[in-house]
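Structure first, commentary second.
Every number here is computed from the coordinates shown, using simple stated rules; none is lab data. Keep in mind it's a predicted model, so treat the numbers as computed, not measured. Heads up, the Cβs are rebuilt from the backbone with ideal geometry, glycines too, and the neighbour counts pull from every protein chain shown.
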Amino acid sequence: MKLRIGTRRSRLALAQAQEVAVRLEALGMRSELVPMETAGDRGAPADASRAGLKGLFVAEISRALHDGLVDVAVHSAKDMAAEDEEDLVIAAVPERASPLDVLITREDGLAPASVVGTSSPRRKAQVFRWRPDVVVKEMRGNVDTRLRKLEEGEVDALILAAAGLLRLGVVPQHAQPMSVAEMVPAPGQGCLAVQARAADARTLEALAPLDHASSRAELEAERALMRRLGGGCTLPLGALASAEINRIRLVAIVLSLDGTNYARTEVDAPTSEEAAEIAALDLMAGGADDILSAVRP
């Protein structure tokens, strides 16, 4: 049995897919990467997908899986919608990498009126809440492109996911992990979602040993919260779950785009679903519905 692994062509996506291939090889399972170009890679507008820009990077890989062109799809879990796609399941969640965001500056520290590059509404809103004295500039592109723009002086700082830097083996000179008090990560950040067809029993069986129970529980809590809030990966919603023995701790925040209004909660519960339910109720009581209604597409 040889599994065909669908992935985007970007350097980070290939590194993520290769991580899964190496894990499969350690189990004696053969695989091959099948790189694909997606609508997002071709520059399609964000409104071409119901899930926004990130959805453009996921949809075509999932469609190829659904159509049988590949056996497995590997995604950054933070790019996925809260709802599972029809006939597809997340067959495995390997052990999570760091979920934190990293502040990368051209020089030491972040001076007043610095220009911070990010395209994420979640990051923008939390930057404004944390450092209202800085300027935020729209910044798209892969990790290498963003780091080059930083070096060239287009911005003074970037905010990137620690997991992406680790998987690429990139260690910027001036990089500092951001605490959850400063920046609550995106739901699913640091997790890989290994997707397969729900009816493909052989592939599901082959992928099962890759599943890391704590990482799956954390991802399930964060996605369950997204579902309850009716949010997606394009909204200013941060959520980070931590799986402990028989408990799930969940920190979550919803913000207005300018960071001035926000609802934040920290809960723990016996299961992922219960943690998500309590957190959602807390956030709604704090005004999350009004905040999200103002920013939903």
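Hey, in the GNM for the chain with a 10 angstrom Cα cutoff, which one of 84, 282, 156 fluctuates hardest? Result: 84 has the largest fluctuation of those listed. For the chain, give me the percentage of DSSP beta bridges that are antiparallel, rounded to the nearest 5 percent. If we restrict to bridges inside the chain, about 70 percent are antiparallel.
Pairwise inverse Cα distances across the stretch 101-177, averaged and inverted, put the Kirkwood hydrodynamic radius at 12.3 Å. Of 157, 269, 81, the residue with the greatest mean-square motion in the GNM of the chain, using alpha carbon springs below 10 Å, is 269. Working from label points 7 Å from Cα in the Cα-to-Cβ sense, the residue 268 to residue 95 distance is 2.3 nm.
Were the residues from residue 152 through residue 1 laid out at 0.36 nm apart, the gain over their Cα-Cα distance would be 49.6 nm. Normalising the average separation of contacting C-alpha pairs (under 8 angstrom, six or more residues apart) by the number of residues puts the relative contact order of the stretch 101-177 at 50 percent.
In degrees between 0 and 90, to the nearest 10, how far off the longest principal axis of the chain does helix 213-229 point, with axes built from Cα atoms? Once rounded, one gets 60 degrees.
A cut-off under 15 angstrom between Cβ atoms defines the neighbours of residue 257, and their net charge, with Lys, Arg +1 and Asp, Glu -1, is +3. Counting other Cβ atoms within 10 Å as a rough exposure proxy, the listed residues 79, 200 run 200, 79 from fewest neighbours to most. If the segment from residue 258 to residue 25 were pulled out straight at 0.36 nm per residue, it would be longer than the present Cα-Cα gap by 79.2 nm.
Mean residue ellipticity at 222 nm, helices only, the chain: -10500 deg cm²/dmol; runs of at least 4 DSSP H residues each add -39,500 (n - 2.57), and the sum is divided by the number of residues. Close lysine pairs were tallied over the chain: pairs 8 or more places apart or on different chains with Cα atoms under 19 Å apart number 7.
Measuring r between the beta carbons of residue 170 and residue 249 and using R0 = 30 Å, the FRET efficiency lands at 0.50.
For the pair residue 32 and residue 214, label points projected 7 Å from Cα toward Cβ lie 3.7 nm apart. The Rg/Rh ratio of the chain, with Rg taken over Cα atoms and Rh as the Kirkwood radius over Cα pairs, comes to 0.96. Just to be sure I understand: of the beta bridges DSSP finds with both ends in the stretch 101-177, what percent are antiparallel, rounded to 5? DSSP beta bridges in the stretch 101-177 are roughly 60 percent antiparallel. Directionally averaged projected area (the stretch 225-295, Cα convex hull): 4.1 nm². Approximating the spin labels as points 7 Å out from Cα along Cα→Cβ, the residue 111-to-residue 181 distance works out to 2.7 nm.
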